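Please treat every number below as a calculation from the coordinates, not as lab data. Since we're looking at a predicted model, the values are computed, not measured. Ideal geometry is used to build each Cβ from the backbone, glycine not excepted, and the neighbour counts take in all protein chains shown.
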């Protein structure tokens, strides 16, 4: 493991290992239990963080769902969701300006899914699935202005994310930040859908690179890639899709998709603890 990895894992685990070791699992999420140890959890971000698509029982205009991954993580032992501040349509600046007030000194876990709205991904999807090829290219071209040309490159979106991660760390200095990526939407894509999947891949690259840079700055943050969890379950999958293909929640995970998100996040926390045990 790199020196950078040792630094952020050591800081995180010093605070949390006593309460979490042996509790989180990658399997089916357990029923709610007494909440100690990691305790205070806050969810931030966009529609994917709010849980749009998980059900029609949304609690407000932000389209937060009881089947979203924040609620599922809340059902795990030792995690207590104090606030889900996520809101459909939120950009990085929206999170910074409107959601950080949910964070406290006592916050121990922050999840964050954001970046797609900065790109106008909804506009891209509309142009590429219902518009002409020229409209699709134009929408992707606008998104390209914010994305890295190649994975690992710096980008405008990466800069925005890096500033946001620093703001989150300042507002919740005792928390582990878990920044998630996005699933590839289409299985067996046609030409235009392939371009959307490619843009999503570069979106994920921007997030991961920003997380790497934040780790270099000694911020307690990890990146969770969900593409493997969704592989074979995208739009066009013949069975067991994890993404809504039609309707007002199109292109958002369904309840099964959010369970996949929750398992991936849970596994990331467990892996951090396991790595720290090996260093001890």
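Any idea what Rg and Dmax come out to for the stretch 115-198 if you just take the C-alpha atoms, in Å?
15.2, 49
Just need the Rg to Rh number for the stretch 136-251, please, alpha carbons only, Kirkwood Rh.
For the stretch 136-251, the value is 1.02.
At 7 Å along the Cα-to-beta-carbon direction for both residue 225 and residue 239, put a label point, then send me their distance in nm to one decimal.
In this crude label model, residue 225 to residue 239 measures out at 2.8 nm.
Give the separation of the Cα centroids, the stretch 50-71 to the stretch 197-253, in Å.
18 Å
Students often check this: by mean Cβ neighbours within 10 Å, which of 135-145, 76-86 ranks highest, and how do the rest follow?
Answer by packing, highest mean first, reads 76-86, 135-145.
For a quick protection proxy, order the peptides 122-133, 200-211, 220-231 by their average other-Cβ count within 10 Å, most packed first.
My ranking of the peptides, most packed first, is 200-211, 220-231, 122-133.
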